[in-house]
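Remarks on the structure that follows.
The values are calculated or read from the model by the stated rules, or taken from the named source; none is laboratory data. No experiment lies behind these values; they were computed from the predicted model shown. All Cβ positions, glycine included, derive from the backbone under ideal geometry; neighbour counts span all protein chains shown. With ligands, DNA and RNA removed, areas are computed over all heavy atoms of the protein, side chains included. Shrake-Rupley method; radii C 1.70, N 1.55, O 1.52, S 1.80 Å.
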Amino acid sequence: MIEEVLHLLNLMRVCRQVVSNKGSVGVDEKSVEELEVTFRAKHRELETSLRESSYVPEAVLEVEIPKACGKTRQLGIPTVLDRLLQQVVFQVLNTHYDANFEESSYGFRPRRNARQAVKRSLSYINR
């Protein structure tokens, strides 16, 4: 699977996706607009470290996000390069494993949510 993760077309596609998602800067203070330049500069180094299992993600930037109840919650913002890697690994793993899930499985799956699961459950109860 590492070959799929490191495939340049996958990486470039995910790079465009991360940029289009926008998002805040991480601890490295690089914006998503700088991702492509950063990726091109670090591609070989990144590939080597992933193949050698020596890659270490950067620290996340911790920020507090206000909640409706007046409290706050912690949110960790990874660097854009780490976001790229997280997304490409997710997509490769999802391609391999999502097909093996039961149709009735809703947890942590793309385009599925808790409301859909409840609605489906209620439709079985109301039969």
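Name every residue in region 110-127 that is of a type in the set (S, T, N, Q) and either within 30 Å of ASN10 (Cβ to Cβ) or in a helix (DSSP H, G or I) (or both), in order of residue number.
Those that are of a type in the set (S, T, N, Q) and either within 30 Å of ASN10 (Cβ to Cβ) or in a helix (DSSP H, G or I) (or both): ASN113, GLN116, SER121, SER123.
What number of residues within region 28-54 are in a loop (DSSP other than H, G, I, E, B), open to solvent by 60 Å² or more (accessible area, probe 1.4 Å) and of a type outside the set (Ser, Thr, Tyr)?
3
Residues in region 63-73: is at least one surrounded by 15 or more Cβ atoms within 10 Å (Cβ to Cβ) and of a type in the set (Lys, Arg)?
Within region 63-73 (the criterion being surrounded by 15 or more Cβ atoms within 10 Å (Cβ to Cβ) and of a type in the set (Lys, Arg)), the answer is no, since none of the residues qualifies.
Taking only pairs six or more apart or across chains, which ones have beta-carbon atoms under 9 Å, a first residue in region 14-25 that is without any contact (Cβ under 8 Å) to a residue 40 or more places away in the chain, and a second residue that is part of a helix (DSSP H, G or I) and among the aromatic types (Phe, Trp, Tyr)?
Short answer, once both residue conditions are applied: none.
Modelled with pLDDT of 90 or more and open to solvent by 50 Å² or more (accessible area, probe 1.4 Å) - does that describe any residue in region 91-113?
no
Taking the residues in region 62-109 that are touching a residue at least 40 places away in the same chain (Cβ under 8 Å) and part of a loop (DSSP other than H, G, I, E, B) as candidates, determine which candidate is farthest from the chain's Cα centre (by Cα).
THR79
Check whether at least one residue in region 4-14 is open to solvent by less than 70 Å² (accessible area, probe 1.4 Å), part of a loop (DSSP other than H, G, I, E, B) and either at pLDDT 90 or above or farther than 30 Å from ALA117 by Cβ (or both), and report yes or no.
no
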